[in-house]
1. When the residues of region 115-137 are narrowed to those that are touching a Pro at 6+ places or on another chain (Cβ under 8 Å) and not β-branched (Val, Ile, Thr), which ends up farthest from TRP55 (Cα to Cα)?
2. Filter region 22-41 down to residues that are of a type in the set (D, E, K, R) and farther than 19 Å from TYR93 by Cα and give me whichever is farthest from the ligand (Cβ to nearest atom).
3. Go through region 159-198 and give me each residue that's assigned to a loop (DSSP other than H, G, I, E, B) and small (Gly, Ala, Ser).
4. Quick one: in region 129-169, which of the residues that are β-branched (Val, Ile, Thr) and closer than 11 Å to SER107 by Cα is surrounded by the fewest Cβ atoms within 10 Å (Cβ to Cβ)?
5. Suppose we filter GLY146, GLY156 for residues that are modelled with pLDDT of 95 or more and over 18 Å from MET1 (Cβ atoms); which single one remains?
6. Among the listed residues GLY141, GLY60, GLY133, GLY129, identify the single one that is at pLDDT 95 or above, within 19 Å of ARG45 (Cβ to Cβ) and within 16 Å of the ligand (Cβ to nearest atom).
7. Looking at ASP191, is it closer than 17 Å to HIS33 by Cα, over 18 Å from the mean Cα position of the chain (by Cα) and either surrounded by fewer than 19 Cβ atoms within 10 Å (Cβ to Cβ) or at pLDDT below 95 (or both)?
Amino acid sequence: MLRRYKEKRDFTRTYEPLPRRKKGQGALTFVVHKHAASRLHYDFRLELDGVLKSWAVPAGPSLSPEIKRLAVMVEDHPVDYGTFEGVIPPGAYGAGEVIVWDRGEYSPEKDGKLFFDDRSRAEKTMRAGLSEGKVSVFLRGQKLKGSWALVKMKRGDNNWLLIKHQDQYAQPGRDILAEEASVLSGLTINDLKSGRQS
Ligand code: MN
């Protein structure tokens, strides 16, 4: 559903993608935006049923299984948002710089199985996990890899936790957020702030 995405935005003011659903092919995709809105945050987005299910993660993802990061579910975004970066103009909803901090393919995990090659099983598994409030996803990004949990909290309708599962990609000592550049353009938020575009 992109109704809320559409309602929040004035497309004469913003360059963000129009609210169109788009069915993809092959493996499902994920994207993590770094977004310097009034408060800097990361947006974790998982493709499902022609949209990107989206969570705002104020502190960003952590590679430590000991650290649980609050992830607030926000409105679905268009699949085309997966390659959006740039500056949302002052006065527009979410004004500020946005980069594609990470991007890649993902699959839900169920009973030790992955569904990178079976989009319909993957989507079915995701729908069930999201409605149960607990989903395990395996990420094949450039920065984020391996198994992660998204778990809905009991309090607050939209509050989830994003947690790295213990696996070979867990790295408790490493600050992955120190890798600041966009995986699409190589630009950082500060580059955009200073007017650099390439
Ligand atoms: Mn955001």
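The values are calculated or read from the model by the stated rules, or taken from the named source; none is laboratory data. What you are looking at is a predicted structure, and each value in this text was computed from that prediction instead of being measured. A quick note on method: Cβ atoms are made from the backbone with ideal geometry, for glycine too, and the neighbour counts reach across all protein chains shown.
1. Checking each candidate, the answer is PHE115.
2. The extreme case among them is LYS23.
3. Of the residues in region 159-198, the ones assigned to a loop (DSSP other than H, G, I, E, B) are 165-175, 179-188, 194-198.
Selection gives ALA170, GLY173, ALA181, SER182, SER185, GLY186, SER194, GLY195, SER198.
4. First pass over region 129-169, keeping only residues β-branched (Val, Ile, Thr): 135, 137, 151, 163.
Then drop every residue that is not closer than 11 Å to SER107 by Cα, which leaves 135, 137.
On the way: VAL135: 23, VAL137: 25.
Per the stated criteria, the residue is VAL135.
5. Details: GLY156 fails: modelled with pLDDT of 95 or more.
On inspection, the qualifying residue turns out to be GLY146.
6. Values: GLY141 fails: within 16 Å of the ligand (Cβ to nearest atom); GLY133 fails: within 16 Å of the ligand (Cβ to nearest atom); GLY129 fails: within 16 Å of the ligand (Cβ to nearest atom).
After ruling out the rest, the residue left standing is GLY60.
7. Working: closer than 17 Å to HIS33 by Cα: yes; over 18 Å from the mean Cα position of the chain (by Cα): yes; either surrounded by fewer than 19 Cβ atoms within 10 Å (Cβ to Cβ) or at pLDDT below 95 (or both): yes.
It is true that ASP191 is closer than 17 Å to HIS33 by Cα, over 18 Å from the mean Cα position of the chain (by Cα) and either surrounded by fewer than 19 Cβ atoms within 10 Å (Cβ to Cβ) or at pLDDT below 95 (or both).
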